[in-house]
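The values are calculated or read from the model by the stated rules, or taken from the named source; none is laboratory data. Keep in mind it's a predicted model, so treat the numbers as computed, not measured. Cβ: placed from backbone, ideal geometry, glycine included. Neighbour counts: every protein chain shown.
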Amino acid sequence: MNKLLPWSGYYYRSKKRGKMQGKVGIFFSRSLLMKNDLKLVDLLIRKLEERNIEVMAVFAQKKEYGGEGLEEGIRLLKGVDLIINLESSFLIQQPILEERKNILEEIGVPIIQTIYSSSRTEKEWRKNPQGITPTTQIYWVAQPEFNGVIEPVLISCRDEKSKDTFGRRRPVEKRVEFLIDRVYAWLKLYRLPPGERRITFLLHNSPCAGVEASVGGAAGLDTMESVVRIMKEMKRKGYKIENCPENGKELIDLILKRKAISEFRWTTVDEIVKKGGVIEFITVEKYNQWLNELPPSVREKMLSSWGKPPGEGMVYEGKIVVTGINFGNINILVEPKRGCYGARCDGRVCKILHDPRIPPTHQCFATYRWAQENSDALISVGTHGYIEFLPGKSVGLSRECFPEIIVGDKPHLYIYTVKNPAEGVLAKRRAYATLVDHMIPVMKRFEPYGEIAEIEELLAQYQKAIELNERKRSSVILKDLLELAERNKMLKPQITRLRRSLGGQARVSEHQIIKILHEKIELIKSSKINIGMHILSKVPGKKEKENLYSCIIEHAKIRKDKFFKKLEMIKREIPELLKGLEKKYIKPGASGLLTRGKIEVLPTGRNFYSIDPRSIPTRASWKVGIKMADELLNKYLKEEGKYPESIGMVLWSIDAYRADGEQISQILYLLGAKPVWTETGIVKGVDIIPLKELKRPRIDVTIRTSGIFRDTLPHLIELLDETVQKIASLPEPEEMNFLRKHVLEYIEKCRLSKDRLDIFRKATYRLFSAQPGSYGNGVSLMIASSAWRSMKDLGEIYIERGGYAYGKKVFGRSSHEEFAHQLSKVETIFHKLASDETDPLDCCCFYDFQGGMYSATKSLKGKEPRIYWGDTRDPQRPQIREMKEEIERIVRTRLLNPEWIEGMKKHGYKGAGDISKRVVRLYGWDASAEVVDDWIFDEVTRTFVLNDENRKFFEENNPWALEEMARRLLEAEKRGIWKADPDVLKGLQDKYLEIEGWLEEKMGDVNGEFQGGNIDVFTKNFLKSKERGR
């Protein structure tokens, strides 16, 4: 029979019987037919037909396995409404820049990707918090994404009874049923005419940045204006939309006028109800029906965490309040709070601070369950929300995983920035999101302004006078230059550091001062800044295109006219999004950093993929990593006169997804190892670099990696861990192998332990992350909720939340003692970025990780570690600088730059909110890492709070953002973080009272307690002592 079996063909075709719900294709490998491994295929066929869905099952064989390729088999699926793919790896391979139409585009329907857990049985998969193995994730999830597949759902596992070398597929029936539910929901959406489709937009909201101040949070996107433009286009296509807002301002004004948000500092439930922000009241009876549909273990977590329904938050007269605004068949919901409750923000109500794996609140679950019942599709707007970060397996979810519970069976489209593949792939894999990417904000080269421009001009004049030997003129210019530089705080830190390196008392020469100023101005001038935000489908104007071209041309070879043509295609973003609701295949595309020359990310409006993780680190990134390691060591040597024995590294997945593994390469080279590649560029392992070749000691490296790195790049964790164990086992002198030295010290410390093998394993733990199913460090949450009194508190939460070891055969082992021990050895702390498309004030995660490591290390050591920042914007010349210098660069080029400020102000409410977030993050950085000079806080206060024009802008557009900013500045001063200029402080205090008056007037006469501007400090220890006292 096998000899007669064609390379591709039909396995099954339904017989039509009456009106069908749709037509679904099943695509699978011919090898399953060859070995009669068809239980899964047959079960899918049966389950689909039970739902009255026509089925067409097709097989084919890949060329690398002796077949004729998959295209001929795929071609047989023309005419179906949707495809279920049972094949691993790539369906087709096409060069990234090749623009010809391929067979998947010709068929033009969505393709749902299934996962076969080939290495784990169903029992092992259910028990394992990781879900699927690293290898399974590469071949069944990451690689298929290159072909634009969506929703990776695990539906089969290895059959434990089979003796087949390659395993046989055992269907997981409940997972198959869940897949069919999602298929059915897609088919239902397609059957409905536009006028009957119910669509819910989900606007992100960050309580930590102020609920009222941060509606519609999204990196680089004007969400309000974008949503209104989508709605207008939908209306033109026949969607039933009533009272459509005219613009983004009208939309946000309506949301906040009705207070269609969660209760918070300046919002009570009573106010929400009175002002019309409730879209539905959910009775306890109705909610309990939903709750009882959950698996028992999940239901128990909800009840033990939040008590009996309706719970404590967002409850009115015994009913759960769901907020939102209805526009006919379109609903707009603002994300409910997921880990806290009440009209306040402090350590008592911020439960997620104390339990990172806490389930969503009753009101949060009720909101999304209501959305499922009242929607045919969900659209998440912007990067990013929290659904994909909810507790559950890493990848290959189960019905006990909260991302799946929250999304349910509804089609989920997600508008995402093209620059962020790291978090985007998590949304694909954990929130079943079909991504539609959007353009970054227009970038331009920084232009000096104000007295910075004057300093630049004086430097040029001074240089010219020196060249012409005009000594008197040069002295006059130097005097003016020094006065300007002092007034602008451009010299003190560098001169102090220079004097320290010269022995403390040495006089700094004029030449050295000029050199410092010149380097500072050049660093600032090398910056690129965003001007405002992107609006979906809005094509940049001619000047904006020119500015963007100037930012990419140093890294990319592309003609200006061709680049401009690609930018014109941005207008397709909204049409492509709506294609996702129309039974259409959304074409895949590359993602990453446009300003690092990655032209292939254009055009946007695609379902982006990331990387083939097997190729990380690349050969090119290895060269950058070597340079970066040498720069770091040379800087430390120059400042301390010795090599650092131990370096603390913050390693995020963006290093792999955006920079091809530059920091991974740096870590390997610091350890004294190098990647080994196959001819095709696949990393197959590492080689140890002999000490004779290395010419320096091997450096110990302690890595705190992100939850996204843990979940999406587990094979790289194993690669690094195996390298550490190899290096630790080398018979080398301790003074030349600091890793081995520290491992032996730890073993000696634990010499009384019975299990010597286990001690060696613990001693070699160097990769730490959050507990499986959770993300972050808790430092940013602690700062946001004011739940701390000293840096020691921040350090303790950092160790508590991040003290889980990962590596080969180790996944989330509780290792807090080992983590603290390694941090106590750290002498310098490092993180990096590869582009100005993102900076350390763009997200609280930056100080949550690097600042948190500083707090922990300083608390453990009793002395300040060095804190360095890596800059590979120019990969040929990577730079390492003090974190203080990087913060100063960002503040001067963006936060205090009039051009940047005006760009943000054009976006009204959203612009004001994003400015406020950056100021609050400055506070977070200084609280956790002591890297923000006092003058910065002074100038920020003058610029935004005391400046009449800017204060008026906030009052008219987003007064809550100004209150959040001003309150945090006052808190910084009160805690001693900021030694404020007395006049500035007095002005801030006076203006804050005025701002409070604005907000109280907006609230009006409402019932219920609310926190307002009070800062209530409830630390973990205080709450524990209070609990013991009951």
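Sort out for me the helices (runs of 4 or more DSSP H) sitting completely within region 12-130 that have 3 or more residues that are hydrophobic (A, V, I, L, M, F, W, C).
Working: elements: 30-34, 39-50, 71-75, 103-107, 122-127.
Correct list: 30-34, 39-50, 103-107.
Can you name the helices (runs of 4 or more DSSP H) wholly within region 896-980 that have at least 1 residues being in contact (Cβ under 8 Å) with a residue 12 or more places away in the chain, of a type in the set (Ser, Thr, Tyr) and in the same structural domain as residue 996 (by TED's automatic domain parsing)?
Details: elements: 898-905, 908-929, 934-940, 948-957, 959-974.
Passing ranges, in order: 908-929.
Can you find, within region 844-864, the residue that is nearest to the chain's Cα centre (by Cα) among those that are assigned to a loop (DSSP other than H, G, I, E, B), on the phi < 0 side of the Ramachandran plot and surrounded by fewer than 20 Cβ atoms within 10 Å (Cβ to Cβ)? Write out each step before concluding.
Taking region 844-864 first, the residues assigned to a loop (DSSP other than H, G, I, E, B) are 844, 862-864.
Okay, now just the ones that are also on the phi < 0 side of the Ramachandran plot, so 844, 863-864.
Right, trim to surrounded by fewer than 20 Cβ atoms within 10 Å (Cβ to Cβ) and you get 863-864.
Numbers: 863: 31, 864: 29 Å.
Per the criteria, the residue is 864.
So, in region 191-208, exactly how many residues are out of contact with any helix residue (DSSP H, G or I) (no Cβ under 9 Å at 6 or more places or on another chain) and closer than 23 Å to residue 227 by Cβ? I'd like the intermediate steps shown before the answer.
Going through region 191-208, the residues out of contact with any helix residue (DSSP H, G or I) (no Cβ under 9 Å at 6 or more places or on another chain) turn out to be 191-193, 195-196, 198, 205.
Pick out the ones that are also closer than 23 Å to residue 227 by Cβ and you get 192-193, 195-196, 198, 205.
The total comes to 6.
Could you look through region 153-172, keep only residues that are part of a loop (DSSP other than H, G, I, E, B) and either buried (at least 17 other Cβ atoms within 10 Å of the Cβ) or outside the structural domain of residue 122 (by TED's automatic domain parsing) (or both), and pick out the one that is modelled with the lowest pLDDT?
Step one: list which residues in region 153-172 are part of a loop (DSSP other than H, G, I, E, B), which gives 159-168, 172.
Remaining after also requiring either buried (at least 17 other Cβ atoms within 10 Å of the Cβ) or outside the structural domain of residue 122 (by TED's automatic domain parsing) (or both): 159, 167-168, 172.
Numbers: 159: 93, 167: 85, 168: 92, 172: 97.
Checked region 153-172; the qualifying residue modelled with the lowest pLDDT is 167.
Do we have any residue at all in region 235-245 that's among the hydrophobic types (A, V, I, L, M, F, W, C), under 16 Å from residue 581 (Cβ atoms) and outside any loop (DSSP other than H, G, I, E, B)? Break it down stepwise before answering.
Kept after step one, since they are among the hydrophobic types (A, V, I, L, M, F, W, C), are these residues of region 235-245: 241, 244.
Still in the list and also under 16 Å from residue 581 (Cβ atoms): 241.
Pick out the ones that are also outside any loop (DSSP other than H, G, I, E, B) and you get 241.
Scanning region 235-245, I find at least one residue that is among the hydrophobic types (A, V, I, L, M, F, W, C), under 16 Å from residue 581 (Cβ atoms) and outside any loop (DSSP other than H, G, I, E, B), so the answer is yes.
Based on this model, can you work out whether residue 943 counts as surrounded by 14 or more Cβ atoms within 10 Å (Cβ to Cβ), within 24 Å of residue 913 (Cα to Cα) and hydroxyl-bearing (Ser, Thr, Tyr)?
Working: surrounded by 14 or more Cβ atoms within 10 Å (Cβ to Cβ): yes; within 24 Å of residue 913 (Cα to Cα): yes; hydroxyl-bearing (Ser, Thr, Tyr): yes.
The answer is yes for residue 943.
Each row is one residue, and each column tells you yes or no for (1) part of a helix (DSSP H, G or I); (2) under 18 Å from residue 761 (Cβ atoms).
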| site | (1), (2) |
| --- | --- |
| 686 | no, no |
| 696 | no, no |
| 711 | yes, no |
| 730 | no, yes |
| 735 | yes, no |
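Could you list, in sequence order, the residues of region 203-228 that are closer than 24 Å to residue 438 by Cα, over 20 Å from the mean Cα position of the chain (by Cα) and in contact (Cβ under 8 Å) with a residue 60 or more places away in the chain?
213, 224, 225, 226, 227
Please find, among 756, 704, 751, the residue that is at pLDDT 95 or above, among the charged types (D, E, K, R) and not assigned by TED's automatic domain parsing to the domain that holds residue 136.
On the way: 756 fails: at pLDDT 95 or above; 751 fails: at pLDDT 95 or above.
None of the other options fit; the residue is 704.
Would you mention how many residues in region 894-932 are more than 25 Å from the chain's Cα centre (by Cα) and surrounded by 18 or more Cβ atoms within 10 Å (Cβ to Cβ)?
Residues that pass the stated criteria total 2.
Out of all the residues in region 806-814, is one or more surrounded by fewer than 20 Cβ atoms within 10 Å (Cβ to Cβ), under 24 Å from residue 749 (Cβ atoms), in contact with a Phe, Trp or Tyr (Cβ under 8 Å, 6 or more places away or on another chain) and free of Cβ contacts under 8 Å to residues at least 60 places away in the same chain?
yes
Go through 774, 780, 790, 785 for me and flag whichever is more than 19 Å from the chain's Cα centre (by Cα), crowded, with 19+ Cβ neighbours inside 10 Å and either more than 19 Å from residue 920 (Cα to Cα) or not assigned by TED's automatic domain parsing to the domain that holds residue 927 (or both). So that I can check it myself, show each step before the final result.
Numbers: 774 fails: more than 19 Å from the chain's Cα centre (by Cα); 780 fails: more than 19 Å from the chain's Cα centre (by Cα); 790 fails: crowded, with 19+ Cβ neighbours inside 10 Å.
Testing whether each residue is more than 19 Å from the chain's Cα centre (by Cα), crowded, with 19+ Cβ neighbours inside 10 Å and either more than 19 Å from residue 920 (Cα to Cα) or not assigned by TED's automatic domain parsing to the domain that holds residue 927 (or both) leaves just 785.
Could you say whether any residue in region 418-428 is surrounded by fewer than 24 Cβ atoms within 10 Å (Cβ to Cβ), touching a residue at least 12 places away in the same chain (Cβ under 8 Å), in contact with a Gly (Cβ under 8 Å, 6 or more places away or on another chain) and not in a helix (DSSP H, G or I)?
Scanning region 418-428, I find no residue that is surrounded by fewer than 24 Cβ atoms within 10 Å (Cβ to Cβ), touching a residue at least 12 places away in the same chain (Cβ under 8 Å), in contact with a Gly (Cβ under 8 Å, 6 or more places away or on another chain) and not in a helix (DSSP H, G or I), so the answer is no.
Among the numbered criteria (1) in contact (Cβ under 8 Å) with a residue 24 or more places away in the chain; (2) on the phi > 0 side of the Ramachandran plot, which single criterion is violated by residue 66?
So the condition that residue 66 fails would be (1).
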